[in-house]
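What follows is calculated from the coordinates using simple rules that are stated; it is not laboratory data. A quick note: this is a predicted structure, and the numbers were derived from the prediction, not measured. For neighbour counting, all protein chains shown are included, and Cβ atoms are generated from backbone atoms with ideal geometry for every residue, glycine included.
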Amino acid sequence: MSSSKIPCTLVWLRQDLRLIDNPALFHAAKRGQLITVYIFDEDCSGKRRTGQACLWWLYHSLKSLRNQLSQWNIPLIVKSGKDAFTILKELLDSYNADAIYWNRCYEPFEYNRDCSIEEKLKMENVTVETYQDRVLFEPWTIKTAKGGPVQIYVHFWNQCLSLPQPRKPYDKPKFKNQTGCQSKCDEPAVWQRLAKLSQDMPMKLQDFWHPGEEQAISKLKSFIKNSLNAYAEKSQCLRLNTTSNLSPYLHFGEISPFTVWHSVRHASSSAEPPAVKSESLKQYLRSLGWREYTCHLLFHYPDLPQKCFRSSFEQLKLQVDPVKLQSWQQGNTGYPVVDAGMRQLSVAGIMPNRLRMIVASFLIKHLLVPWQKGEEWFWSKLIDADLAQNAFNWQWAAGSGPNACPYFRVFNPITQGEKFDADGYYVRKWIPELAALPNAYIHKPWEAPSTVLKKANIVLGKTYPRPIVQHKAARELALATFGQTKRKQEPPTSNSNKRVKEE
DNA sequence: CCATAATTGTA
DNA sequence: ACAATTATG
């Protein structure tokens, strides 16, 4: 038991595994000694279990942060097995800490849990401070004239842009060396379980990713230096992949949206090269805006990951064809661009956004599988799996969401491939067995003459599958099926009981 | 109430 | 050219 008079603060880490621009850590460091805890609460009812790929990331990200904090002998304790309130209370008692700080999370389960923990701790005379994090604009500050959530993205983002700029990032906290405050109740069992879960990963994530705050910052810097200027023109090009690739870092909070926001704005307004086209800056910020938008939507509509936002889509009663679903999952649909995307997902845990739209449209419209099945698969495979973004994007593709893609829009996997992977680079990278196929057929191998196939060493149905559905027929069936949703229905009511943080 | 506009397409 | 519906001011 520490009997020192220096106040000790517990910092509850969640999706904010970083030092730079971490308000809770910043303020706790100013106060005095601190300890940090991460609660690995996998068996919480009401909470989604962490996906397979994300478990791997989480373990490495925690390891990296723990390593950083150890420079000042600040413990990062990993706990599990009890409810969050009990764990926090026990830690406060055993370290004789009188205050707890955390950065806010906005997923409905987290937000509600945290509000009630805050209340209970305050009743026990614990000082509780929570800070805005994860979102550039608090969800309750963006509303329509009537006071409801804004559903159309353009209106949403324009409103955000009309507000004062998001705050500047905080500096790295000035920690003091904390000799004598070593972790005294760490549970190696939890840590080992996490390590084991992440080692059992069948994917090859370590070949593609390096979790950790330092990597996040260097990714951001190289994006600004090399790709930001071309973002408007080339962000969709599958060969170049000039996106920022920050999504997993943003998800786990190894970098904050405030840091990203101000860094890209600063780069584009400074006289130093590289020059950044204003259209590129605008579009990149708009992408950040979509992240913001989905987070707000989930906050207001907690059912978003489960139920169709437009209830007329619930009546479709689609039957899952398990064979087709599996072909899609394994990247064996016979449509090269779809398969390339799905294979990249299974190996590298990521897929460019363009591909996410194509494969989602394919699963929903060509294979008539409910979007929830796709959402589930992405959840387990994506290294940046984020509840709000995943749910929104799948509902978008299905046409059942707010601000969604119209039901009659069926992505054509051949023309999409020809448009965004014109030279077949992406397909050849992820489906090497098609590598020798000439460009003219790379997105439609079934149309290649037999001599061409033979020369390329391809036997359709053997080395690469034939299409599992015919595009034209599948398209017509999708239009007829989804046409049934044309019926007016009540939109869901937003969650009005939600407690709201006063500014 | 009405006018307007709505991320990323297809044939 | 076109598809259909809805949110928003």
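Remarks
- Under 5 Å, built H, 5+ apart or other chain: amide partners of A:Trp209: none
- Potential extension, A:Asp43-A:Asn241 segment - 0.36 nm per residue separation minus Cα distance: 67.6 nm
- Euclidean distance between Cα centres, the range A:1-73 to the range A:191-217, Å: 17 Å
- Remark: for residue pairs A:Lys82/A:Lys143; A:Lys204/A:Lys373; A:Lys63/A:Lys381; A:Lys373/A:Lys419, the C-alpha separation exceeds 31 Å in A:Lys82/A:Lys143.
- Cut-off 13 Å between beta-carbons: net charge of the residues surrounding A:Tyr231, Lys and Arg +1, Asp and Glu -1: +3
- Proximal aspartates and glutamates relative to A:Lys30, as straight alpha-carbon distance under 17 Å, when same-chain residues fewer than 8 apart are discounted: A:Asp21, A:Asp98, A:Glu129, A:Asp171
- Local electrostatic count at A:Gly51 - Lys and Arg +1, Asp and Glu -1, tallied over other residues with Cβ under 13 Å: -1
- Placing unit charges on each Cβ (+1 for Lys and Arg, -1 for Asp and Glu) gives the range A:311-502 a dipole about its Cα centre, and among A:Pro465, A:Gln330, A:Pro402 the Cα reaching farthest toward its positive end belongs to A:Pro465.
- Overall, chain A carries a charge dipole of about 1080 debye about its Cα centre when +1 sits on the Cβ of Lys and Arg and -1 on the Cβ of Asp and Glu, all other atoms neutral.
- On the beta carbon distance between A:Phe408 and A:Lys82, with R0 = 51 Å, the FRET formula returns roughly 0.50.
- Counting beta carbons within 10 Å around each of A:Cys295, A:Cys237 and listing the fewest first gives the order A:Cys237, A:Cys295.
- Sorting A:336-348, A:122-134 by their mean Cβ neighbour count within 10 Å, with the most densely packed peptide first, gives A:336-348, A:122-134.
- You can think of it this way: the chain between A:Val320 and A:Gln206 has 37.7 nm of extra reach, that is 0.36 nm per residue less the Cα-Cα gap.
- For the range A:300-361, size of Cβ-based charge dipole, Lys and Arg +1, Asp and Glu -1, in debye: 100 debye
- Chain A: calculated mean residue ellipticity at 222 nm from DSSP helix runs of at least 4, using -39500 (n - 2.57): -13500 deg cm²/dmol
- Sorted by Cβ density within 10 Å, fewest first, the residues A:Cys308, A:Cys115, A:Cys8: A:Cys115, A:Cys8, A:Cys308
- Largest-first ellipsoid semi-axes for the range A:1-134, taking √(5λ) over the Cα gyration tensor eigenvalues, angstrom: 22, 18, 14
- Our coupling estimate for the range A:76-82, obtained by passing each phi through the Karplus curve with A = 6.51, B = -1.76, C = 1.60 and θ = phi - 60°, is 10, 9, 9, 10, 7, x, 10 Hz, Gly and Pro reported as x.
- Compactness index (Cα Rg / 2.2 N^0.38 Å), the range A:280-321: 1.65
- Selection from A:Ser269, A:Cys8, A:Ile39, by position along the positive dipole direction of chain A (Cβ): A:Ser269
- Computed from phi, the 3J(HN,Hα) profile of the range A:449-454 under the Karplus parametrisation 6.51, -1.76, 1.60 (θ = phi - 60°) reads x, 4, 5, 5, 4, 4 Hz, with x in place of Gly and Pro.
- FRET efficiency for A:Tyr425 and A:Asp171, using Cβ-Cβ distance with R0 set to 35 Å, rounded to 0.05: 0.25
- Interchain or long-range residues, amide H under 5 Å from A:Thr9's placed H: A:Gln33, A:Leu34, A:Ile35
- Extents of the range A:83-214, largest first, come to 53, 48, 31 Å (Cα atoms, principal axes, whole angstrom).
- For A:Val128, distant residues with modelled amide H under 5 Å away: A:Ile100
- Charge tally in the Cβ shell below 15 Å around A:Thr242, where Lys, Arg are +1 and Asp, Glu are -1, A:Thr242 excluded: +4
- Farthest toward positive dipole pole in chain A [+1 Lys/Arg, -1 Asp/Glu at C-beta], among A:Phe175, A:Leu477, A:Ser235: A:Leu477
- Charges were assigned to the Cβ only: +1 to each Lys and Arg, -1 to each Asp and Glu. The resulting dipole of the range A:1-134 about its Cα centre is roughly 300 debye.
- Divide the volume of the convex hull around the Cα atoms of chain A by the residue count and you get 155 Å³ per residue.
- Nearest-0.05 FRET efficiency for A:Lys486 and A:Ser269, computed from C-beta distance (R0 56 Å): 0.75
- Square roots of five times the Cα gyration tensor eigenvalues for the range A:311-502, Å: 33, 19, 13
- Sequence ranges A:274-282, A:368-376, ranked by mean other-Cβ count within 10 angstrom, highest first: A:368-376, A:274-282
- Phi to ³J(HN,Hα) by Karplus 6.51 cos²θ - 1.76 cosθ + 1.60 over the range A:20-33, Hz, x for Gly, Pro: 6, 6, 10, x, 5, 5, 4, 6, 5, 5, 5, 7, x, 5
- Chain A: relative contact order as a whole-number percent, Cα under 8 Å and 6+ apart: 17 percent
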